[in-house]
Amino acid sequence: MSGNSNKTKHVIRGNFKTGRKTLPSGGNEVISTRVGYLPPLKAPPIRKRKDMIPERIYNFQVPPDPIRANDIKKYIHAEVVVVGAGIAGLSAALSAAEAGVKTILLEKMATVQARGHDNAFIGSRLQEKLGIKIDKDEIIRNLMRYGANKPDQRLIRMWAEGSGKTADWLLDMTDAAGLEVIINHYPPPPAFNNATEYYPQYPVTHHCHNERLIANCLLDNVSKKGVVTYFRTSAKQLLRKKKDRITGVIAQNAAGEYLQFNAAKAVVLCTGDYGNNAEMMAKYCPQSSYLASMIPTSTGDGHMMAMWIGAVMEPGPHTPMIHGPAGPLLSSAFLQVNLLGERFQNEDVPIQSNVNAVERQPGGMIWQVFDSKYPEELPYHGIGLGKIIIATEKVQHDVAKVAIMADSIVELAVKMKLPVETFKATVKRYNKLARSGKDLDFGKRPDRLSPVDSPPYYAGKSGYSLLAVMGGLNVNQKLQPLDKDWNVIPGLYLAGNTMGNRFAVDYPTMCPGLSHGMAIHFGRIAGLNAVSQK
Ligand SMILES: Cc1cc2nc3c(=O)[nH]c(=O)nc-3n(C[C@H](O)[C@H](O)[C@H](O)COP(=O)(O)OP(=O)(O)OC[C@H]3O[C@@H](n4cnc5c(N)ncnc54)[C@H](O)[C@@H]3O)c2cc1C
């Protein structure tokens, strides 16, 4: 055996080199350590199993027959061709056009696509004006930790270091268009202290009332820069001879005609995610493959086209973005019970983590329960995605509209159709823990243990939805896809949800709007890089 097991004494000496800390004693310290089994120091090989079950080959993995030259109705020439007029593609097309090259944008729908309202950037002039200072390294560390160290830290750093400039670029346009952009939940309520949060929250969210306004603003600028956008034109196949550069893309218009778009410099693929492709979900995101996507256009077209010419998908399982309004007060940390009437978790978790627990409850549904004190309690329930921090008139109106209301816990249980005695016992126990200020069952912090004891009582039922899948293709830091031998595929760039290695495990909500923030930032970088393609 080549391992050993010895009790050894080590002397640690103070290090007196400038800038290095000495030990607290300032001198020598003796520590005892038992050296356990050590494997041989020779690097072990990766032992691959011999009885591995062959992977199923799905239809989408089989490249289609090339579209024949005879079937091409028209040839159109540009220097850069961007596919997908979502938030990433619009940014890519605009930055390519701003750099002075002839750019064409293809979109399979009749108009641009966007949803939501949050965009995460660090170091914008808006943040600077508000005096917001953010430790980029801390965010990078936390994003890496949340992703179990699987994302490519170099890509995360690119966003952290560069997105402030991208934000200013965007703010120039939104300001000119008269769109209001604010930093959401800033300043936070006085009760909020990031240092005491289990899940941190950063003031990075550039919030616009509706992301479609941002997309339309980008489209206006794209058009002003002379980009021709072909709507209802769906990209079908990339053009590549053997290992050569990508030279263009063949697309199909609404009349069913094939158009060949030749790109003298590069093609940028920004076709969004693949959540609406059942086969791709089964292969790359099986844990969420039972869920219907909220984005109908997310059929993975770009991922597939790139894989047919040699690009490689990042390892799975990929990261689903799944959110659930935990109830009428969204992800605020009020009591939750499952359909058995039982409490099942510390409710003080981000919206995506909450879904993970809810998904594992009977029926995958839960109830959020609170009482008439909720307007006073909301400011103590944290900030971030899905948090309501002020009970505005609208919030109170919405709560009254969607929640079940009752004057007693028994009446509430009956209306919720829960086992009355179990629910009564759950509420009684929760109130006891809340009054004692110590959550012996799940360890929720005392200021978020809001007792349910002041009628009227409220409850709202909720499940969750698949918004997008954040898995994509392997890329380098120029945002070029890589083949199975890690060689660059020249003439092709990726941005938005076609690009991989940004997220793993779960979509992190510590920076609300990270998906858009990255799509806009990497879209801009991909557009600029496409321009400099030789
Ligand atoms: C309800 C909802 C709210 C959300 N809110 C937020 C939020 O506030 N902040 C946030 O960061 N994220 C949010 N997201 C997630 C976010 O929308 C996506 O992750 C993000 O839009 C990705 O941008 P994208 O440009 O990569 O893709 P998309 O916005 O999906 O754009 C891709 C575009 O490519 C087009 N396309 C696809 N295939 C082809 C083809 N073959 N030829 C031509 N065109 C093609 C599509 O039609 C689409 O226009 C939300 C998602 C949902 C469902």
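The values are calculated or read from the model by the stated rules, or taken from the named source; none is laboratory data. Not measured: the values here are computed from a predicted model. All Cβ positions, glycine included, derive from the backbone under ideal geometry; neighbour counts span all protein chains shown.
A few points about this structure:
- In the condition set (1) closer than 24 Å to Phe503 by Cα; (2) touching a helix residue (DSSP H, G or I) at 6+ places or on another chain (Cβ under 9 Å); (3) among the aromatic types (Phe, Trp, Tyr), Tyr186 is compliant with all but (1).
- Among (1) more than 25 Å from the chain's Cα centre (by Cα); (2) within 30 Å of Gly527 (Cβ to Cβ), the one test that Ile404 misses: (2)
- Filtering the range 506-521 to residues that are assigned to a helix (DSSP H, G or I) and either closer than 15 Å to Ile322 by Cα or more than 9 Å from the ligand (Cβ to nearest atom) (or both) leaves Leu514, Ser515, His521.
A quick yes/no check of all residues on (1) buried (at least 17 other Cβ atoms within 10 Å of the Cβ); (2) touching a Lys or Arg at 6+ places or on another chain (Cβ under 6 Å); (3) at pLDDT below 95:
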position: Lys150; (1), (2), (3): no, no, no
position: Gly162; (1), (2), (3): yes, no, no
position: Gln201; (1), (2), (3): yes, no, no
position: His207; (1), (2), (3): yes, no, no
position: Asn210; (1), (2), (3): no, no, no
position: Ile214; (1), (2), (3): yes, no, no
position: Cys217; (1), (2), (3): yes, no, no
position: Val228; (1), (2), (3): no, no, no
position: Ser234; (1), (2), (3): yes, yes, no
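- Strands (runs of 3 or more DSSP E) wholly inside the range 1-119 containing at least 3 residues that are at pLDDT 75 or above, in the same structural domain as Gly316 (by TED's automatic domain parsing) and surrounded by 15 or more Cβ atoms within 10 Å (Cβ to Cβ): 72-83, 103-106
- The set of residues in the range 458-503 that are small (Gly, Ala, Ser), outside any strand (DSSP E or B) and in contact with a Gly (Cβ under 7 Å, 6 or more places away or on another chain) comprises Gly463, Gly471, Gly472, Ala495, Gly496, Gly500.
- Test for Pro286: is it away from the ligand (no atom under 11 Å from the Cβ), within 23 Å of the chain's Cα centre (by Cα), in the same structural domain as Thr166 (by TED's automatic domain parsing) and at pLDDT 95 or above: yes
- Pairs linking a residue in the range 128-145 that is within 14 Å of Ser163 (Cα to Cα) to a residue that is part of a helix (DSSP H, G or I) and at pLDDT below 95, with Cβ atoms under 8 Å and 6 or more positions apart or on different chains, do not occur.
- When the test is whether a residue is within 12 Å of the ligand (Cβ to nearest atom), closer than 28 Å to Asp485 by Cα and not polar (S, T, N, Q), Met280 does not pass it.
Per-residue answers, yes or no, for (1) out of contact with any helix residue (DSSP H, G or I) (no Cβ under 8 Å at 6 or more places or on another chain); (2) not hydrophobic (A, V, I, L, M, F, W, C):
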position	(1), (2)
Leu433	yes, no
Asp441	no, yes
Pro455	yes, yes
Ala459	no, no
Val475	no, no
Val505	no, no
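- Meets criteria (at positive phi and either in contact with a Cys (Cβ under 9 Å, 6 or more places away or on another chain) or among the hydrophobic types (A, V, I, L, M, F, W, C) (or both)) for Leu330: yes
- Checked against (1) in a loop (DSSP other than H, G, I, E, B); (2) closer than 13 Å to Leu492 by Cα; (3) at pLDDT 95 or above, Ala263 meets all criteria but (1).
- Verdict on Ala526 being among the small types (Gly, Ala, Ser), part of a strand (DSSP E or B) and within 14 Å of the ligand (Cβ to nearest atom): no
- Of all residues in the range 481-505, those satisfying the criterion of being within 14 Å of the ligand (Cβ to nearest atom) and either surrounded by fewer than 24 Cβ atoms within 10 Å (Cβ to Cβ) or not hydrophobic (A, V, I, L, M, F, W, C) (or both) are Tyr493, Gly496, Asn497, Thr498, Gly500, Arg502.
- Residue within the range 98-114 that is away from the ligand (no atom under 16 Å from the Cβ) and in contact with a helix residue (DSSP H, G or I) (Cβ under 6 Å, 6 or more places away or on another chain) present: yes
- In the range 479-502, the residues that are among the aromatic types (Phe, Trp, Tyr) and more than 24 Å from Ala468 (Cβ to Cβ): Trp486
- The set of residues from the range 231-251 being part of a strand (DSSP E or B), among the hydroxyl-bearing types (Ser, Thr, Tyr) and within 10 Å of the ligand (Cβ to nearest atom) comprises just one member, Ser234.
- Yes/no for Thr205 being among the polar types (S, T, N, Q) and out of contact with any Gly (no Cβ under 6 Å at 6 or more places or on another chain): no
- Pairs meeting the criteria (first residue in the range 239-267 and outside the structural domain of Val101 (by TED's automatic domain parsing), second residue basic (Lys, Arg) and part of a strand (DSSP E or B), beta carbons under 6 Å, at least 6 apart or on different chains) are lacking.
Residue-by-condition table, conditions (1) away from the ligand (no atom under 16 Å from the Cβ); (2) within 18 Å of the chain's Cα centre (by Cα); (3) of a type outside the set (D, E, K, R):
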{"residue": "Ala120", "(1), (2), (3)": "no, yes, yes"}
{"residue": "Gln127", "(1), (2), (3)": "yes, no, yes"}
{"residue": "Ile132", "(1), (2), (3)": "yes, no, yes"}
{"residue": "Pro151", "(1), (2), (3)": "no, yes, yes"}
{"residue": "Arg154", "(1), (2), (3)": "yes, yes, no"}
{"residue": "Arg157", "(1), (2), (3)": "yes, yes, no"}
{"residue": "Asp172", "(1), (2), (3)": "yes, no, no"}
{"residue": "Glu180", "(1), (2), (3)": "no, no, no"}
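- Of everything in the range 293-325 that is small (Gly, Ala, Ser) and buried (at least 18 other Cβ atoms within 10 Å of the Cβ), the residue that is farthest from the ligand (Cβ to nearest atom) is Gly310.
- Complete set of residues in the range 209-230 that are within 24 Å of Glu98 (Cα to Cα), outside any helix (DSSP H, G or I) and within 16 Å of the ligand (Cβ to nearest atom): Val227, Val228, Thr229, Tyr230
- Within the range 98-113, if we keep just the residues that are β-branched (Val, Ile, Thr) and under 25 Å from the mean Cα position of the chain (by Cα), the residue that is nearest to Ala85 (Cα to Cα) turns out to be Val112.
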